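Have a look at the structure below, then the notes.
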Amino acid sequence: MRRAKVFSGTSHPELTEHICERLGITPAPVALKKFSNQETSVKIGCSVRNEDVFIIQSGSRNINDHLMELLIMISACKGASASRITAVMPYFPYSKQSKKKKYRGAITAKMVANLLSVAGVDHIITMDLHASQMQGFFNKPVDNLYAEPSIAKWIQDSVPEYSTGVVVSKNAGGAKRVTSLADRLKIDFALIHTDRTRVTRSNSTAPGTPVTPVNEVSAQESISDEKPISNEDNNSYFYTSNATDNNITISVVNDKKYDDEEDFSSFSTSNSDPFFSEENDLNLNCSNTITLVGDVAGKVTFIVDDMIDKAGSFIAAADHLMKRCNAKRVYVISTHGILSNDSLIEIEKCKSIHKLVVTNTFPIPLENRNQSTKLEIIDVSATLAEAIRRTHNGESISYLFYTAL
């Protein structure tokens with residue numbers, strides 16, 4: 001590419017190398033370091049005057065440092081008279097905080113968009129935003145690429161019996177994503193709904209005894225004759241219902257690790273604050289009723305989401321599909337494999353999950369990859385490289401929304 005420079009941040013140098021290899025260029029030189037007081041220093045190692053600049057920096061485990069590094073690189077290129085600056089962010093940082101979920105919360109993704117604009121970015125290229133409406137946070141053009149074509153191609157190439165399979169969403173929010181993939185593969189889809197019910201334990205209840213939510217009986221036929229089934233691998237318990245009319249299967253899971261949303265109990269807070277104490281109490285006394293709407297008996301199933309952070313909800317969904325719904329095999333598929341803490345090890349130990357499939361938008365250290373025999377990584381560098389090339393040449397990128405490269 002003539003009059004174009006591609007710079008790499010320190011968040012995901014492996015992805016940058018793959019992209020530049022496909023573009024037939026080498027990454028432009030840049031010196032990135034930290035001072036003794038942990039301030040970030042950036043020095044551009046070549047002229048970018050009137051050049052088309054692309055800076056590749058994905059979200060990572062050191063998300064704050066790498067975001068600040070990206071902002072400084074954008075500012076440095078802007079000050080060096082670059083004609084256009086494009087931030088290539090395969091995983092957009094803080095994308096889960098795209099709306100105010102709690103009292104006194106912040107819409108942090110909007111703040112990140114403002115920071116990028118103030119730093120001087122002219123264009124954003126990203127992939128599978130947590131909420132597509134986030135594009136409205138920017139006053140600059142945003143190209144939200146899709147990993148769906150690459151995921152569909154992997155399924156077709158790697159799962160021989162995919163044509164009789166079922167794509168499953170583990171929550172209602174992912175229904176649109178799941179139906180889109182199901183339509184592309186021309187297969188069925190199903191939906192898992194999780195209903196949280198506050199549980200009050202009596203003093204006579206033994207620790208670890210499963211408790212049935214009050215509202216479960218009203219949702220189905222009586223399950224008083226059913227026995228709880230213990231899942232020793234995941235320290236959770238299930239109730240199952242005999243009601244199978246309309247392809248609905250229900251389980252109740254008592255598991256403190258189930259929720260993969262924000263865990264406010266991990267923050268240091270004052271016990272005198274009723275907001276936090278109530279939230280923590282809710283997390284500790286909660287029973288999750290899992291309901292599958294659809295038929296997966298004897299079929300390969302694909303649990304699909306845009307990101308996998310903590311593994312609790314994916315493991316619970318996979319256990320439900322395999323043990324209660326008689327699925328043949330379960331694949332967990334996600335665009336961004338964040339896999340915080342011991343998530344990869346937990347998935348490796350889960351007998352209900354056959355494979356974990358993610359793309360390389362989020363950096364996974366080599367030592368973490370070696371911990372799992374179930375992990376499969378899809379390379380999306382070709383899609384990002386083609387988006388960079390077409391953006392530089394002023395071509396349409398709509399072709400990338402439907403085609404795997």
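The values are calculated or read from the model by the stated rules, or taken from the named source; none is laboratory data. Just so it is clear, the model here is predicted, and its values are computed rather than measured. Because the Cβ atoms are built from the backbone with ideal geometry, glycine has one as well, and the counts that use them run over all protein chains shown. Accessible surface is based on the protein model in full, side chains and every heavy atom, while ligands, DNA and RNA are left aside. Shrake-Rupley method; radii C 1.70, N 1.55, O 1.52, S 1.80 Å.
Observations, loosely collected:
- 3J(HN,Hα) from dihedral phi, the stretch 102-113, Karplus parametrisation 6.51/-1.76/1.60, rounded to Hz, x for glycine, proline: 10, 4, 6, x, 10, 8, 5, 4, 5, 5, 4, 4
- Over the stretch 4-145, Cα pairs under 8 Å with separation of 6+ residues give a relative contact order of 20 percent.
- Close amide-amide hydrogen proximity is noted between LEU339 and ILE308, ASP309, each under 5 Å apart and 5 or more residues distant or on a separate chain (H modeled in the peptide plane; Pro and chain starts excluded).
- Among the listed pairs LYS100/LYS323; LYS299/LYS351; LYS310/LYS374; LYS170/LYS299; LYS99/LYS328; LYS100/LYS170, those whose Cα-Cα separation exceeds 26 Å are LYS100/LYS323; LYS99/LYS328.
- What the Cβ-Cβ distance of ARG2 and LEU115 gives, at R0 = 30 Å and to the nearest 0.05, is a FRET efficiency of 0.45.
- Separation of the GLU161 and ASP183 label points, Cα + 7 Å toward Cβ, nm: 2.8
- Paramagnetic label reach from SER81 (point 7 Å along Cα→Cβ; backbone nitrogen cut-off under 15 Å): within the stretch 30-57, residues 46-52.
- Heavy atoms of ARG390 accessible to a 1.4 Å probe, total area in Å² rounded to 10: 40
- When the convex hull of its Cα atoms is projected in every direction, mean area for the stretch 4-145 (nm²): 9.0
- Overall, the accessible surface of the stretch 4-145 at a probe of 1.4 angstrom is composed of carbon and sulfur to the extent of 50 percent.
- Qualifying GluC sites (Glu not before Pro) in the stretch 1-75, where qualification requires a DSSP coil assignment and no more than 14 other C-beta atoms within 10 Å, comprise GLU39.
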